[in-house]
2 protein chains.
Amino acid sequence: MRIPQHIGIIPDGNRRWAVQNGMEKQDGYRHGISPGLSLYRTCRDLGIREMSFYGFTVDNTKRARTQRHAFTAACVDAVEAISREDASLLVLGNTESPMFPPELLPYTRRHDFGSGGMKINFLVNYSWEWDLGFQKGAVGPCLKTEDVSRIDLIIRWGGRRRLSGFLPVQSVYADFYVVDDYWPDFTPDHITQALEWYSGQDVTLGG
Amino acid sequence: MRIPQHIGIIPDGNRRWAVQNGMEKQDGYRHGISPGLSLYRTCRDLGIREMSFYGFTVDNTKRARTQRHAFTAACVDAVEAISREDASLLVLGNTESPMFPPELLPYTRRHDFGSGGMKINFLVNYSWEWDLGFQKGAVGPCLKTEDVSRIDLIIRWGGRRRLSGFLPVQSVYADFYVVDDYWPDFTPDHITQALEWYSGQDVTLGG
């Protein structure tokens, strides 16, 4: 089976999952941490070399405060959980805003945890405008996420078929796979199915 | 029904269509011109305000010369056909390369043809690197496609689920609809189905 080198992860559907399960919307986020670890282990065992994980965005911080607190706490917990595994971990996002959790500042330089290995890029308070330095049609001078490679496969949970601002430059050639289940209902089968589908796609890079 | 303001069109599958119909690969492209006009008229009648059409890319020009000649000729014909309709037409792409067809140079400034109306952006010898001024992690200083608005809905023919470098900045929030049929088999029904699907999606822009 053809295995992608770099997978992008858009873990959507936390709030819809919470409502479906009789909880408050913000309660969904903490149920997304254990799926994230399970995903990490699944991908590590498959030999995936790099993963980019969509934590939260600058757009997301405009949501209700209880939700903002909940997804911020979930991202902090997730990053700390990964730091107890084997990973070459980097958190990327706009650190010059009060929305960036100070607990994650030490992770904004890439560091090998455990025996290192898989490159993990975790987006926190990210925005594509910040990434590209986009302002009134001007861009640059550099890509803030230059250290993130081209993505081969993007998997999005929660049924929506859009990138929602996720790493536009790295995603230009990515194959896009959508899982209808909500993110907290993650199972390793989702990855198996996505990889089977990916395996049947050709890679042309436009050529 | 909620109608998108701006639709992106990725008309893929011309070569596969040609092979399936017992022709040479390059013969597919000229069968894509009449579908393009039909698409234009369908969208105009629906009140779509802007369309961006993926003609060919810098990556595409690496293909066999007979194919390159065929898709270049098809793009020239398509642009000239649109210029006989009502449209505010602009051709965008890297004009500083011998791959850019000189016949299309007059169209690289936006001009109202007929009674104007729908804004049409036609990408010819386009590349996302050119668009963003991307070079070794540096970007800018400006977006070459600044005159192209944010895209609401992208429709891709030919079954592949990827952007293939299509307008990364304008596509950040776009909903992505894939038609399995090859582009030369376009029918207005494809648009109806795409719009029905789009109508059921919410618009959050990450909020």
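Using only the alpha-carbon atoms of region B:1-45 as identical scatterers, what base-10 log of I(q)/I(0) does the Debye formula give at q = 0.16, 0.20, 0.21, 0.27 Å⁻¹?
These q points yield log10 I(q)/I(0) values of -0.53, -0.70, -0.74, -0.95.
Can you give the Rg/Rh ratio of the protein assembly as shown, where Rg is from the C-alpha atoms and Rh is the Kirkwood radius?
0.98
Which helices pass in chain B if a helix is a full DSSP H run, must span at least 18 angstrom along its long axis by Cα, and must have mean Kyte-Doolittle hydropathy not below -0.5?
Sorted by number, the helices that extend far enough and score high enough are B:33-46, B:65-82.
From Cα pairs below 8 angstrom and at least 6 apart in sequence, can you work out the relative contact order of chain A, rounded to a whole percent?
For chain A, the relative contact order is 28 percent.
Just to be sure I understand: of the beta bridges DSSP finds with both ends in region A:6-199, what percent are antiparallel, rounded to 5?
15 percent
Below 11 angstrom from the Cβ of B:Gln5, what's the summed charge of the other residues (Lys, Arg +1; Asp, Glu -1)?
That works out to +2.
Quick one: with label points 7 Å out along Cα→Cβ, list the inter-copy distances for A:Arg16 in nm, shortest first?
Distances to the matching label points in the other copies: 2.7 nm.
At a Förster radius of 30 Å, what calculated FRET efficiency corresponds to the Cβ-Cβ distance of B:Leu37 and B:Glu129, to the nearest 0.05?
0.45
Among rounded, prolate and oblate, which fits region B:165-207 when a ≥ b ≥ c are the square roots of the eigenvalues of its C-alpha gyration tensor, a/c under 1.5 means rounded, and a/b larger than b/c means prolate?
oblate
Restricting to the protein assembly as shown, what percent of DSSP beta bridges are antiparallel, rounded to 5?
So the antiparallel bridges in the protein assembly as shown amount to around 20 percent.
Label B:Arg150 and B:Glu80 with points 7 Å out from Cα along Cα→Cβ: what is the distance between them in nm?
Taking the two extended label points, one gets 3.9 nm.
If the reach is capped at under 25 angstrom between alpha carbons, list the lysines near A:Lys62, excluding any in the same chain fewer than eight residues apart.
Filter leaves A:Lys25, A:Lys136, A:Lys144.
For region A:155-178 and region B:157-173, compute the distance between their C-alpha centroids and round to whole Å.
Region A:155-178 and region B:157-173 have Cα centres separated by 9 Å.
In nm, to one decimal, how far is the modelled label at A:Met1 from the one at B:Asp180, with both set 7 Å along Cα→Cβ?
With each label placed 7 Å out from Cα toward Cβ, I get 2.2 nm.
Looking at the square roots a ≥ b ≥ c of the eigenvalues of the Cα gyration tensor of region A:6-199, which shape do they give, rounded for a/c under 1.5, prolate if a/b is larger than b/c, or oblate?
Verdict is rounded for region A:6-199.
7 Å along Cα→Cβ for the label point: how many nanometres lie between B:Arg41 and each equivalent label in the other copies, listed shortest first?
6.0
Taking the Cα centre of region B:22-172 as origin, work out the dipole magnitude from +1 charges on Lys and Arg Cβ and -1 charges on Asp and Glu Cβ, in debye rounded to 20.
Here region B:22-172 has a charge dipole of around 500 debye.
Starting from the Cα of A:Leu105, move 7 Å in the Cα-to-Cβ direction to define the label point; list residues of region A:49-74 whose amide nitrogen is under 19 Å from there.
Within reach of a label on A:Leu105: A:72-73.
Taking each label point as 7 Å beyond Cα in the direction of the beta carbon, state the distances from B:Pro98 to the same residue in the other copies, shortest first, in nm.
In ascending order, 6.0 nm.
FRET efficiency for A:Ser199 and B:Arg68, Cβ-Cβ distance as r, R0 = 30 Å, nearest 0.05?
The formula returns an efficiency of 0.50 here.
No value in this document is a laboratory result; all are computed from the given coordinates. Computed from a predicted model, the values in this text were never measured in an experiment. Here Cβ is always computed from backbone atoms with ideal geometry, including for glycine, and neighbour counts include all displayed protein chains.
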